[in-house]
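Chemist: The structure's right below; bear with me while I get my questions together.
The values are calculated or read from the model by the stated rules, or taken from the named source; none is laboratory data. Note that the coordinates shown come from a computational prediction; the quantities given were computed from them, not determined experimentally. All Cβ positions, even for glycine, are placed from backbone atoms using ideal geometry, and neighbour counts span all protein chains on display.
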Amino acid sequence: MKIRVNSMILILLSLVTALTFFQGPLSAEEPREVSLKEVYGSFFDVGSAVSPFLLHGENAGHISRHFNSLTAENCMKPAGIWRPDGNFNFQEADKIIHFAKANGMKVRGHTLVWHSQTPNEFFLDAAGKRLTKEALYLRMEDYFQKVMNHFGNDVWCWDVVNEVLADWGDGIYRTKSPWFEICGEDFIARAFKTAHKINPEAKLFLNDYGLINPQKRERAVKLLKKLLAEGVPVHGVGIQAHWNMNTFQAEELQKSIDAFSELGLDVQITELDLSVYPIRRPPMPGESQNSKSSENQKLEYSPEIAEKQAVKYEQIFDILRENTDKISSVTFWGISDRYSWLNYFPVRGRTDHPLLFDRQLQPKKAFYRVTAPPRYCPPVFSPN
C-alpha cells in the first residue's frame, strides 16, 4: 500500500510539472529569479557588448549576473587602439579584459579590419599619400602583431574582417572602402591568413549585418566558399543581428544558420538587438541618413509594442534553441535600452527600446519570454 501511495504521489508531481511547462511563457508580471547565462549557458555563450564606463556599480553587477561573454563595443576597434606613432592605446580595452578575468567571462575580439572606425591616417604614408597595397599589408601585419600578441589567448576569437559585403547591386563586395580601393578583394584572405599566423589558436570570424537577407546571404556564401576553397583559415560567421521587430523573419534566420553551418563553419549571433522602429537598413545611394520620413518619428513604448517585441524575441530564441549544435555564442549589443547605440543611430536622440532590459536595468516582457520554460509537455515520470 505504501509503495502504491508513493507511486501516485510521483505521478501527481509529474502531472503538475507537465502542466506548469505546458502553460507556456510567463508574463512580464511573473518574475523569475533566473539569469540569461543560467538559462542558456549550457547551450552557448551569452554575451553583451560593453564599454569600460559600464564596469562599475549596478551595471557591473547586472553584467556579471546575466552574461558569461563580453565584446568591446568600441575600444578594440582600430580607432580605439591604433596610433600613428606606434604607441597603441590598450588602456580601455584592458579594463574589459581585467573585468572578464575577474568574473570568469570570455572575451570576443571586435574587430581587426573595418572600413569604419579606422583612422584615415592608417591608410596614409608620412607624406599624407595613400599607401600602396604592399605598404598597407605591412601596416596590417604590424597592427595585427601588436594587438593580437597584446591580448594573447585572453581573446579567444576575433571578428577578423567586418562588413565587407555589398548591400545591393550585383557585386559581392563593399567597394567604397579604403581596404578594397587599395587592395581589391585580396585583403580579406590576407587578413585571415595574417591573424592565423600570429595566433593559430584563435577562432577567426567573418562578421557582417543583413545576413538573413537572402541576397546578402548568397553573397556571403559565395565569398566563404571561395575563401575555404583557397585554404583560407575562416572558422566561423558572425551574424550581426541588428534586426527590427516589424520585419524579422524566423525562417530566414534558420536558412542562414543552415547555409553557414553546411560550409562547416561555426555560427555566432554577434550583435543582437531588436529595434521597435519600422526600418533598419543602410541608406540607399543618395539617401539622407536622417531623412524626415515617418519611419524616423519617436514611438511610445506601449504595452502593445512591448508584447509584439516579446513575441519576436521568443521566435528568435526558439530558433537559437533548436540550433545549439551549430551556434557557439549569442551576444547582445548592449546591456540595456539606456545604453543602446540605437538611441543615436540612425536618428540621433530618438529613443529606441531594442534589448531585454529597460533603462533601469529591469527585465522587460521579452526577457520573461526567452527565459520561460519551453512550451511543450515533458514526458510524465512512470514508476516501475
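Chemist: Among (1) within 24 Å of PHE151 (Cβ to Cβ); (2) part of a helix (DSSP H, G or I); (3) touching a residue at least 24 places away in the same chain (Cβ under 8 Å), which single condition is ILE182 missing?
Modeler: Condition (1) is where ILE182 drops out.
Chemist: Can I ask one more? Could you check, for region 134-141, whether at least one of its residues is at pLDDT 95 or above and under 26 Å from GLU218 (Cβ atoms)?
Modeler: No, there is no match, as no residue in region 134-141 is at pLDDT 95 or above and under 26 Å from GLU218 (Cβ atoms).
Chemist: Please determine whether any residue of region 229-239 is more than 16 Å from ILE319 (Cα to Cα), of a type outside the set (Asp, Glu) and surrounded by fewer than 17 Cβ atoms within 10 Å (Cβ to Cβ).
Modeler: There is at least one residue in region 229-239 that is more than 16 Å from ILE319 (Cα to Cα), of a type outside the set (Asp, Glu) and surrounded by fewer than 17 Cβ atoms within 10 Å (Cβ to Cβ).
Chemist: Of the numbered conditions (1) out of contact with any strand residue (DSSP E or B) (no Cβ under 8 Å at 6 or more places or on another chain); (2) within 30 Å of ALA366 (Cβ to Cβ); (3) crowded, with 18+ Cβ neighbours inside 10 Å; (4) polar (S, T, N, Q), GLN249 fails exactly one; give the number of that condition.
Modeler: Of everything listed in (1) out of contact with any strand residue (DSSP E or B) (no Cβ under 8 Å at 6 or more places or on another chain); (2) within 30 Å of ALA366 (Cβ to Cβ); (3) crowded, with 18+ Cβ neighbours inside 10 Å; (4) polar (S, T, N, Q), GLN249 misses just condition (3).
Chemist: For region 192-241, enumerate the residues that are within 12 Å of THR270 (Cα to Cα) and charged (D, E, K, R).
Modeler: ASP208, the sole residue that qualifies.
Chemist: All but one of (1) of a type in the set (D, E, K, R); (2) without any contact (Cβ under 8 Å) to a residue 60 or more places away in the chain; (3) assigned to a loop (DSSP other than H, G, I, E, B) hold for LYS193, so report the exception by its number.
Modeler: The single condition LYS193 does not satisfy is (3).
Chemist: Next question, about the same structure. Kindly check whether there is at least one residue in region 220-228 that is out of contact with any helix residue (DSSP H, G or I) (no Cβ under 9 Å at 6 or more places or on another chain), among the aliphatic types (A, V, I, L, M) and modelled with pLDDT of 95 or more. Let's see the steps before the verdict.
Modeler: Filtering region 220-228 down to residues out of contact with any helix residue (DSSP H, G or I) (no Cβ under 9 Å at 6 or more places or on another chain) leaves 222, 225, 228.
Those left that are additionally among the aliphatic types (A, V, I, L, M): 228.
Still in the list and also modelled with pLDDT of 95 or more: 228.
Yes.
Chemist: Shifting gears a bit: Considering only region 229-259, state which residues are of a type in the set (Val, Ile, Thr), over 17 Å from GLU163 (Cα atoms) and at pLDDT 95 or above. Talk me through it step by step, then tell me what you get.
Modeler: So in region 229-259, the residues of a type in the set (Val, Ile, Thr) come out as 232, 234, 237, 239, 247, 257.
Filter once more, keeping what is over 17 Å from GLU163 (Cα atoms): 232, 247, 257.
Matches in region 229-259: VAL232, ILE257.
Chemist: Now for a different question. For region 52-78, what are the residues that are within 17 Å of PHE151 (Cα to Cα) and surrounded by fewer than 20 Cβ atoms within 10 Å (Cβ to Cβ)? Before the answer, list the steps.
Modeler: Going residue by residue through region 52-78, those that are within 17 Å of PHE151 (Cα to Cα) are 52, 69-78.
The answer is PRO52, ASN74, PRO78.
Chemist: Among (1) in contact with a His (Cβ under 7 Å, 6 or more places away or on another chain); (2) assigned to a helix (DSSP H, G or I); (3) of a type in the set (A, V, I, L, M), there is one condition LEU204 misses while meeting the rest; what is its number?
Modeler: Of the numbered conditions (1) in contact with a His (Cβ under 7 Å, 6 or more places away or on another chain); (2) assigned to a helix (DSSP H, G or I); (3) of a type in the set (A, V, I, L, M), the odd one out for LEU204 is (2).
Chemist: Next question. Could you list all residues from region 353-384 that are more than 18 Å from SER64 (Cα to Cα), at pLDDT 95 or above and assigned to a loop (DSSP other than H, G, I, E, B)?
Modeler: HIS353, PRO354, LYS364
Chemist: Let me ask you something else. Among all residue pairs at least 6 apart or on different chains, which show Cβ distances below 9 Å where the first residue, located in region 118-129, is touching a residue at least 24 places away in the same chain (Cβ under 8 Å) and the second is among the aromatic types (Phe, Trp, Tyr)?
Modeler: THR118/TRP82; THR118/TRP179; PRO119/TRP82; GLU121/TRP82; PHE122/TRP82; PHE122/TYR143; PHE123/TRP179
Chemist: Moving on to the next point. Give ARG130, ARG174 a once-over and let me know the one that is surrounded by fewer than 20 Cβ atoms within 10 Å (Cβ to Cβ), among the basic types (Lys, Arg) and within 27 Å of ALA220 (Cα to Cα). Please lay out each step first, then the result.
Modeler: Working: ARG130 fails: within 27 Å of ALA220 (Cα to Cα).
Unique residue meeting the criteria: ARG174.
Chemist: Further question on the same structure: Mind listing whichever residues of region 325-342 are in contact (Cβ under 8 Å) with a residue 12 or more places away in the chain, over 10 Å from THR270 (Cα atoms) and either not in a loop (DSSP other than H, G, I, E, B) or not basic (Lys, Arg) (or both)? Working first, answer last.
Modeler: Start the filter on region 325-342 by keeping residues that are in contact (Cβ under 8 Å) with a residue 12 or more places away in the chain, which leaves 326-342.
If we keep only those that are over 10 Å from THR270 (Cα atoms) too, we end up with 326-328, 334-342.
Once the filter is applied, which keeps residues that are in contact (Cβ under 8 Å) with a residue 12 or more places away in the chain, over 10 Å from THR270 (Cα atoms) and either not in a loop (DSSP other than H, G, I, E, B) or not basic (Lys, Arg) (or both), region 325-342 yields ILE327, SER328, GLY334, ILE335, SER336, ASP337, ARG338, TYR339, SER340, TRP341, LEU342.
Chemist: I'd like to check which helices (runs of 4 or more DSSP H) are fully inside region 63-179 and have at least 1 residues that are charged (D, E, K, R) and more than 24 Å from LYS193 (Cβ to Cβ).
Modeler: Numbers: elements: 78-81, 91-102, 133-151.
Counting at least 1 such residues, we get 91-102.
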